[in-house]
Amino acid sequence: MSTLTIAVTGMNAHDNPGPGIAVVRGIRDKYGRDCRIVGLSYDALEPGVYLHEFVDEAFLIPYPSEGEDAFWTRIMQIHEISKLDVLLPTLDAELPIILKLEDKLKERGIRILLPSKDNLEQISKSRFHRLRQQHGIMVPGSDIATDPSRLYALCEKFGFPVMVKGQYYEAYIAHNAQEAMFYFNKIRARWGLPIVVQEYILGEEYDVVAVGDGQGAVVGLVPMRKMYLTDKGKAWAGITVTDPELLSMAKKVISTLKWLGPMELEIMRRRSDGELFVLEINPRFPAWVYLAVGAGVNLPAAVVTLALGEQPAPMPDFQVGKIFVRTSMDMITDISKFESITTLGQLIHTPQESAK
C-alpha cells in the first residue's frame, strides 16, 4: 500500500486552540511515518505549520469567507503537489463549503468523512432549541436575535443570567441587559448575525468526544470533566470520567441523529436536580481530542479509516482517570521557513527534520 497523505486544518494554537495538532498526533500514533501529514493553515504564524515532527508539509489556504471557488482552487493546487488521500477539516466554518465540494473532491480521489447537511442544520445554534421537540434531546431554551429589541425580549423570556453566543464561535454569560447588549455587539462585529440567546444552566459541565458511523451506531466515545478553564471558558485541563447517564445521553444523540463522523457534545448536569442538558453539539473534533487517544481510544485514526471506506477495529473501553493538562511552549525556527510560507504559501519540511 502506498503512503497515505492526510490533510488536516486547524493548525492554530492560541488560548482557544484549533483541534488540528491533537488530531495529527492521534493519526501519527497509528500510522507513524507510513503517512504524510499536510497542515492547512490560514495564517503564516499558526504554530502547527512549523511542527516538523508532526507535519510534513504546510500550505496556506483561503478563509471560508472567500467562498467555495477560492477554496476549491487552492485545494486543487495543493492536491497537484501533494496528492491528497484524505481531507480532515477541524473547524466549524469550513464544513458547509467542504460539504458542497464533497462529490468533486471524491472524484479526484480525496476522501472526507462529515455529517450530512441536514445534521449540520439540526445542530446549528440558530435551530438548536428544536432538538427537544423534534427528537426528545434535552437542550436549554434558546432562540435567535437579529436586533436589540429581540435581544431584550429573549433576555426577559429566559431571565438573567443568559448565554449570548455567536453562530460559530464565542459565548458569554450576561448578567443584565447592558452586558447582553455589549456581547451582542461584540459578537456581531466579529462573526455577524444572528446572535443566539440561550437559557443559562447552572451546574457541572462535561464534554464528550465521539465518532458515529452514520447509521446510528457509536464507533467510539470518551467523556471528560473540565478541571481548569481559561478566561474564555475553554478547557485547559480535564479528566476522563465514567457516568452511565452521560454515556447514555451521548449515545442517544448519535443514534437519533444517525451522526456520521466526529463530534463534541457539551453537556451540563444541572446543580438543582442533576438533570443533564446538551448545551452544544460541535460537528468536529475538539482541541482536547488527544485525551481520548491517551485514554486508549484513537478517534482521529478511526475517522481516517472510515473515510477510506474501511471499518476500524472495535474500540477498547476508554480508561477512566486519564488527565490532560495543556501547555504553552516557545518554538524556535528559522526565518527562512516563515519566508517560505509567507511568500510561496507553502512549507515543505525535509525528511531529516520530519524524522526527528
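The values are calculated or read from the model by the stated rules, or taken from the named source; none is laboratory data. If you're wondering where the values come from, they're calculated on a predicted model, not measured in any experiment. FYI the Cβ positions are ideal-geometry reconstructions off the backbone, even for glycines, and counts take in every protein chain you see.
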For the structure I just gave you, tell me whether Thr9 is under 26 Å from Gly109 (Cβ atoms) and in contact with a Pro (Cβ under 7 Å, 6 or more places away or on another chain).
yes
Could you please tell me which pairs satisfy a Cβ distance under 6 Å, a separation of 6+ or placement on different chains, a first residue in region 56-77 that is surrounded by fewer than 20 Cβ atoms within 10 Å (Cβ to Cβ), and a second residue that is β-branched (Val, Ile, Thr) and not in a helix (DSSP H, G or I)?
Arg74/Ile61
For Val289, the lone unmet condition from (1) crowded, with 19+ Cβ neighbours inside 10 Å; (2) in the same structural domain as Asp85 (by TED's automatic domain parsing) is (2)
Could you check Gly274 against (1) buried (at least 22 other Cβ atoms within 10 Å of the Cβ); (2) on the phi > 0 side of the Ramachandran plot; (3) of a type outside the set (D, E, K, R) and say which number it fails?
(1)
Log entry, pairs with first residue in region 302-315 being in contact (Cβ under 8 Å) with a residue 40 or more places away in the chain, second being among the charged types (D, E, K, R), beta carbons closer than 7 Å, six or more apart or on different chains, reads Ala307/Arg111; Leu308/Arg111
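Go over the candidates Gly67, Gly10 one by one and state the one that is closer than 25 Å to Lys337 by Cβ and out of contact with any Asp or Glu (no Cβ under 7 Å at 6 or more places or on another chain).
Sole residue among the options that is closer than 25 Å to Lys337 by Cβ and out of contact with any Asp or Glu (no Cβ under 7 Å at 6 or more places or on another chain): Gly10.
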Inside region 6-46, the number of residues satisfying the requirement of being polar (S, T, N, Q) and surrounded by fewer than 19 Cβ atoms within 10 Å (Cβ to Cβ) is 1
Scan of region 110-152 for residues that are under 20 Å from Lys186 (Cβ atoms) and among the hydroxyl-bearing types (Ser, Thr, Tyr), ordered by number
Ser126, Ser142, Thr146, Ser149, Tyr152
Restricting to region 262-296, what's the tally of residues that are over 25 Å from His129 (Cβ atoms) and either of a type in the set (D, E, K, R) or free of Cβ contacts under 8 Å to residues at least 40 places away in the same chain (or both)?
2
Right, Val139: modelled with pLDDT of 95 or more, assigned to a loop (DSSP other than H, G, I, E, B), within 21 Å of the chain's Cα centre (by Cα) and not charged (D, E, K, R) or not?
yes
